[in-house]
Amino acid sequence: MAVEFPEELPSGTQAKDTSVPVKRLRWATRRTPGKKGDTKRQSILAKLGHKRASSRASSTGSTLKGKLPEDPEAGTGGDSDIQEPSEDTGGRTVYFNIPLPPEARDEDGHPTAHYARNKIRTAKYTPLSFIPKNLYFQFHNIANVYFFFIIILSIFSIFGASNPGLNAVPLIVILTVTAIKDAIEDWRRTVLDNELNNAPVHRLVDFVNVNTAEDKISLWRKFKKANTRAVLWIWRSMRKNKKDENGKTSKERALNETRPSFDPRRASTFSQGSNFSRLGEEGAIQMTPVPSPLPGQGPHGDDRLSMDGEPMALTTDDKIHGGPEVPKGQAVENVQRFYGNVINPHAHTPDTARFKNDYWKNVQVGDFVRLYNGEEIPSDVVILSTSDSDGACYIETKNLDGETNLKVRQALHCSRKIKHARHCEQAEFVIESEAPQPNLYSYSAVVRWKQRDPRDPNSPGTDMAEPITVNNLLLRGSALRNTEWVLGVVVFTGQETKIMLNSGITPSKRAFIAKDLNWQVLYNFTILFFMCLIAALVQGSAWGEPNTSHKLFEYKSYGDNKPAVDGLITFWAAIILFQNLVPISLYITLEIIRTLQAVFIYSDIGMYYEKLDYPCTPKSWNISDDLGQIEYIFSDKTGTLTQNVMEFKKCTINSVPYGEAYTEAQMGLSRRMGNNVEEEAARAREQIAADKARMLDGLRKLNDNAYLRDEDLTFVAPDFVDDLAGNSGEEQQAANEQFMLALALCHTVITERTPGDPPRIEFKAQSPDEAALVATAKDCGFTVLGRQDDDIILDILGEERRYTVLNTLEFNSSRKRMSAIIRMPDGKIILFCKGADSIIYSRLTQGQQHELRKSTAEHLEMFAREGLRTLCIAQRELDEEEYQIWNQEHDMAAASVANRDDNIERVADAIERELTLLGGTAIEDRLQDGVPDAIALLGKAGIKLWVLTGDKVETAINIGFSCNLLDNDMDLIVFKIDDEDLAQAEAELDKNLQLFGMTGSDEELKAARKNHEPPAPTHAIVIDGDSLKLVLHENLKQKFLLLCKQCRAVLCCRVSPAQKAAVVALVKGGLDCLTLSIGDGANDVAMIQEAHVGVGIAGEEGRAAVMSSDYAIGQFRFLTRLVLVHGRWSYRRLAETIANFFYKNLVWTFALFWFQIFDNFDCTYIFDYSYIILYNLAFTSLPVILLGVLDQDVDDKVSLAVPQLYRRGIERKEWTHIKFWGYMADGIYQSLVVWFFAYALFAPGNFNSESGLDVGDNKRIGVYVATNAVVVVNLYVLFNTYRWDWLQLLIVAISILLIWFWTGVYTAFTVGETFYKAAPQVYGQLSFWALLLLTTIICLLPRFAGKSFQKLYLPRDVDIVREQIRQGKFDYLQYEDNPTAPAQPEEKWSSGSTTPVGSRNYPIPTHNEANDGDSTRPMYPPSIAPTALTTTTTRNQRSTNGSDGTDYTGHIIINDREQNQPKTSFERSRPSFERPRPSYDRARQSMDRIRPSFEQSSDFTSAAGLMRMESAQSNDSRGETRSPTRFKMGWGRKDDVEEEE
């Protein structure tokens, strides 16, 4: 099939005979300029038919889909070919060098469109709005409103307040401290905002942007800017700027510097440097007086325009051939496609425009911007042209989606001639764009222009249009990589960019205790109301009595002796008197405690990540207690659980396995078998080190590879080097060479060569797997040096060779493979393919390589059992005619606009058949240090971990086994619903709920909300994104939630950021629990913000998650310390602090209340007013604060050693309503004792001092009462404190003695008026000391008795553990610096980690010790159960096959008769070959031991399954395509495999 092009071209063009251009799918490869220099590159530019096909190019789901014609030439015709976005969609039209039309203006002639500024602000406040806005937020707290109301009441003397000003001090202090804290937090955000807004960008200036030229700055904005400048001037004047020797800061120098106009490009390895410009040549364009592009960005032929702006005609020398000449008759005639040019060659321009360094905040819609390599994109930019001759550029989107691989973007065809400022002035076009929307993978727009006839300035021009997709868009937040420069136009700015639309508003999170605290405050308000009501009723009725003494001694009441008025006045006076019942000081105390807790978290060296110099950083200081109540943790996988660092470990070539490694999975198996892991690991490391030295020696003898670096070698296989040298015969030598050649050719990596001695080559790839494969090929002597045009240049054992890449068919999730079609130096065309083993096996040539397929499948199975990710490598030789016919179809598919992805995939599928198997690879995706131990500890603590990842199902399952999330004893419930069928999804949910005897009813949900016990480790759920979309439907999500509640682990794969947040919201809203989300990329921000607590990992790849998180850590393993230590401490401390605070205020307030009984509730103070102020401020504040900051029931090491202690937090037993009312009852009881004991002392008669004055007046009795209350309260707090160290005892003693000190000092002066000399008078009485001793004992006796009974007869877990600490059972922890630290993290190879701390035996009677078996669980639980040593088999044995090497191929079930067969075939280990292979023999032995139960695998592609798999996608001998095989139950004999007819 040939690609048809229109016969007629627009005016000014003519058809040209060109050869078929080379096509290949491209995503992240960078061309190296060819040897022919500028002439060659100019011819490449003029070959407009040279197109790139990218499988990800059109998977955007844009709104133009369905509107565009299916004709591949949709972009070449007039307006009718492309429909513009409809007006009702809220789209925008951006004009460039075209005046605004009348419809774009309103009745007054002003532009109707107004666009967002590019300046963003994530801070809450500005210098102008801080005070009013902060006060507004603070007075959202009902307690602050209440106390402000109290202050207003106290101003009026009628209510009896003695010192209104002093009464306002606590509220002022609280508001001030909180405002300072908010200001510090917001200032940090402001600094980050300013750094971003003031980042430099090259923007076209002295150019009329018609879209924003008439915008005006409002007076209010000018006023705000003036205030901001004033504040900044004050701030800068207070600090000294660091100046360089010229007196300028680095930022000032950056903005004033211009890029040099010379070309400092490093000389290419393969081509000579070219001149930057040929100003004297005919047809060259005069450079504008502006800074030049980045090094090497000069017009390498791609600026070779004629004076009229049209591309020059190609000569016959400019034709490019994709390899050797195609025989006559086989060549396909093609006509160059014409895309047009937005440059108007006849436009009259002032030639004043220039690119100047400006700030991001000044970028506007419609601006031209020039971006350079390494710069971040300031706004959403449509690409006009790039430094690459075919308009490609490469971006890194780690700030958008967390991915570090490079992605390709393409410039518009019609604008690729725009290179300089003069071209920008000449370009006349309109972009009709869709409205701003948050979909990162979708964008729909169209560019329209009039194509001018270069030979006729008066011609009206032809209307042309070209579609714009997300492939032509650079998004704000992404970074330009491996591209010298890009020139584009801005379409979205500021809050309208996609990254800002996705970021949303950071939610304001409140701690769970803080929310629950509102109820306790409400209860106290209720108590206060009734206290005041009683006072009002009694006082009003007392003044209404006619025959009482007040008639004789009182002139008149404030209410003119009217009971109702007197009662009303007394009600408000009582509110002032009893105001401490609702303690405002509690809020400032909690702020102080949480702040200090954040400081201690930040200072914890146990969570310091030395590699990044990054401590645990609290970003939200007010939710530390929520860390102690987490029940569900939602985690990303890549970069969070894993290092995302791949190491090539093993391979199998021509039935021969190579590679020595000792993985964590092998360590886990050895531990479960009872072996001494440390000794075995030491022996394995010693052996591997010796083999590595031998391999390096052999490689250097074979070839002096200048690019081989000893420390980078991960593939240790000395026998491979021997075979590569031919020691095992020519056949194996050729197989090894072809295998490594396939690794070196079948990829899309970018090479970066650093000169030196020795030189260094770095590979940048779409995935770390691919980089690991190419790096291993380099180590073995097959080095990828780079690309030149369509050639890939290899150094093969010292010989440089060139291979022409004809096509590259990319990997994607549906294909699960990638291919490269290569023209070899001898002219042959070979397709190399790598992919998942099930995919490759299904495409092998039928009836061939039976033994090779069998042995390779077995080797891959062994590799997978070692926790390695596997791939298969295959090839196919194509004849010339077959390739040319296929290439025509591929060209047509690549040129299509509608359904482009599907068309390309269909064409690719047609040629990736009849493959020949070469072998397989095994790569280790290493977990972060300590992840298995961390997950094991969290599991023992009762925390459920769900993994929400965008990776494939197989990868997620593999990691689940690797990190102890899954084990062999679990049944995997795999959800994969086809065709988006809700009925099928519901049926699947019902079927699985029946396993647990559930139906998904509301009653079951109510029961589930109350049940916080971890589920039995019998089941786990694996679900993909498409199925998750169904089960999250309103009618099904309750059933799904209940099913997940019954499973120990849940893995959600292929999920979007929105789905991650939806899963978190489902659990957060459906169950009565607290959630935590942890991730490292921008794609995790949604779930981080949705969870109660969000934790970001400050990895090496981006900080988007950190910026949106509540806590930032350097590694996943630090999460255990953050949650199990600091979280548990904070929760217990805060719960105890709040209870004690309510208690101590109740004692004080009710003592006042009891006194009111004896003065008719006239609201007289029994205490001196200074006591009332200092009670919460000095006398009782410090012990409670110290309790909330430093108290520890057990230390950090014991907290990690016994993670079960955390379960009280999950069940929220530290802070309950019962506990609250218990402390309230204690307070009421002790207030009764404090007051009535003093009353009973004075009731019979008064005591006289030495001076003869009695001490029976209210203020001196108040000394008795107040001192007793202070002593009792502080000792009570001490009773409730676990940690009695010298500091706690000292603070309690100081707080108690402070009331004596204050009373002595204050009453020594007459300022106290009637309180003068009260201290010596009261403290000199023996009755005072006797009453103090008696009151203290009687008050504390019930608490002491209750605690003693509880600890002796109803001990809690922590009580038992504390006793064991006293017995010395945890003394061994003193010798462990960090119980969760990984063992030997500096080792490059897998060396395992320490035995989990929780593996030691702690007799905790209150917990089921059945979980103690978890302590022996390996870090990498493979499909090898303890059956290796016993005769029983596990319920469901599994293979842990790798991410790229597995697929679900059928459910294989063992017949009963075969299940009972004796183990005879594989009872003894067998050596695989005559030469020693320690690693192979270890894996072989493990397979032999578990072979009888191996075939029970129902989740992974097993070796037997691969051997039984027919080549479903390949053609048989009759040329027909066979159907996929169907497995019957059995062991896989020939008669057990049926083919569908």
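The values are calculated or read from the model by the stated rules, or taken from the named source; none is laboratory data. On a predicted model such as this, the values are computed, not experimentally measured, just so you know. Every residue, glycine among them, receives a Cβ derived from its backbone with ideal geometry; neighbour counts consider all protein chains shown. Surface accessibility is based on the protein's heavy atoms, side chains included, excluding ligands, DNA and RNA. Shrake-Rupley method; radii C 1.70, N 1.55, O 1.52, S 1.80 Å.
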Practice problem: Have a look at LEU440, THR462, GLY488 and report the one farthest towards the positive end of the charge dipole of the range 440-488, computed about the Cα centre with Cβ charges (Lys/Arg +1, Asp/Glu -1). | Solution: LEU440
Quiz item: What's the carbon and sulfur percent of the range 808-935's accessible surface, probe 1.4 angstrom, rounded to a whole number?
Solution: 46
Exercise. Any chance you could check the Cα centroid distance between the range 1287-1318 and the range 803-874 for me, in angstrom?
Key: 86
Quiz item: In the range 956-1005, which GluC sites (Glu not before Pro) are in a loop and have at most 10 other Cβ atoms within 10 Å, using DSSP for the loop call?
Solution: none
Quiz prompt | Cα-based convex hull, the range 926-999, per residue volume (Å³, whole number) | solution = 127
Quiz item: Of LYS181/LYS1347; LYS133/LYS1037; LYS419/LYS450, which pairs sit farther than 30 Å apart, going by alpha carbon to alpha carbon?
Solution: LYS181/LYS1347; LYS133/LYS1037
Self-check item: Where MET646, MET892 fall by accessible area, highest first, once all protein chains stay in place (1.4 Å)
Solution: MET892, MET646
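With Rg and the Kirkwood Rh both taken from Cα atoms, where does Rg over Rh land for the range 423-522?
1.30
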Exercise. Report the FRET efficiency, 1/(1 + (r/R0)^6), for TRP1284 and ASN198, where r is their Cβ-Cβ distance and R0 is 35 Å, rounded to 0.05.
Key: 0.05
Practice problem: Provide the per residue accessible area, probe 1.4 Å, for the range 944-1044, rounded to a whole number of square angstrom. | Solution: 40
Quiz item: Considering only protein heavy atoms and a 1.4 Å probe, what is the carbon-and-sulfur percentage of the accessible area of the range 396-551?
Solution: 58
Quiz item: What is the list of residues in the range 823-866 whose amide nitrogen lies under 20 Å from a point 7 angstrom out from the Cα of ARG802, following Cα to Cβ?
Solution: 823-830
Practice problem: Provide the descending list of Cα extents for the range 698-755 along its principal axes, expressed in whole angstroms. | Solution: 37, 25, 18
Quiz item: How much accessible area per residue does the range 577-626 have, in Å², with a 1.4 Å probe?
Solution: 36
Quiz item: Could you give the distance between the Cα centres of the range 508-547 and the range 975-1038, to the whole Å?
Solution: 47
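Tell me, what is the FRET efficiency for HIS1217 and ARG709 to the nearest 0.05, using R0 = 60 angstrom and their Cβ-Cβ distance as r? Can you show the working numbers first?
Details: r = 65 Å, r/R0 = 1.08.
About 0.40, to the nearest 0.05.
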Exercise. Take peptides 1142-1150, 197-205, 177-185 and line them up by average Cβ neighbours within 10 Å, highest first, as a rough protection proxy.
Key: 1142-1150, 197-205, 177-185
Quiz prompt | Under Karplus coefficients 6.51, -1.76 and 1.60, residue-wise ³J(HN,Hα) of the range 1178-1195 in Hz, glycine/proline x | solution = 9, 5, 10, 7, 5, x, 5, 5, 5, 4, x, 9, 10, 5, 9, 6, 9, 7
Quiz prompt | Spacing of the two label points (7 Å from each Cα toward its C-beta) at ILE172 and ASP979, in nm | solution = 7.6
Practice problem: Give the accessible area for PHE338 in Å² (nearest 10); use a 1.4 Å probe, count only protein heavy atoms, and leave out ligands, DNA and RNA. | Solution: 20
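Within the set LYS611/LYS778; LYS619/LYS816; LYS692/LYS940; LYS119/LYS515; LYS1045/LYS1369, which residue pairs have Cα atoms separated by over 30 Å?
With Cα atoms farther than 30 Å apart: LYS619/LYS816; LYS692/LYS940; LYS119/LYS515; LYS1045/LYS1369.
Quick one: length gained pulling LYS225 to ILE152 fully straight, 0.36 nm per residue minus the C-alpha distance?
Answer, rounded to one decimal: 22.6 nm.
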Self-check item: Per-pair calculated FRET efficiency, R0 = 22 Å: LYS356 and ILE98 via Cβ, rounded to 0.05
Solution: 0.40
Quiz item: Want the number for ILE1338 to ARG683: 0.36 nm per residue separation, take away the alpha-carbon distance, what's left?
Solution: 229.0 nm
Quiz prompt | Surface share of carbon and sulfur [accessible, 1.4 angstrom probe, percent] for the range 1285-1328 | solution = 78
Quiz item: Taking amide H positions as placed 1.01 Å from N in the peptide plane, with prolines and chain starts having none, which residues 5 or more places from LEU844, or on another chain, fall under 5 Å of its amide H?
Solution: LEU915
Quiz item: Tell me, how many Å apart are the Cα centres for the range 1143-1204 and for the range 685-716?
Solution: 70
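Could you sort MET1107, MET824 by their accessible area in this structure, using a 1.4 Å probe and putting the largest first? Before the final figure, lay out each step's value.
Values: MET1107 135, MET824 25 Å².
The ordering from most to least exposed comes out as MET1107, MET824.
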Quiz prompt | Accessible area in square angstrom per residue, the range 1205-1320, 1.4 angstrom probe | solution = 44
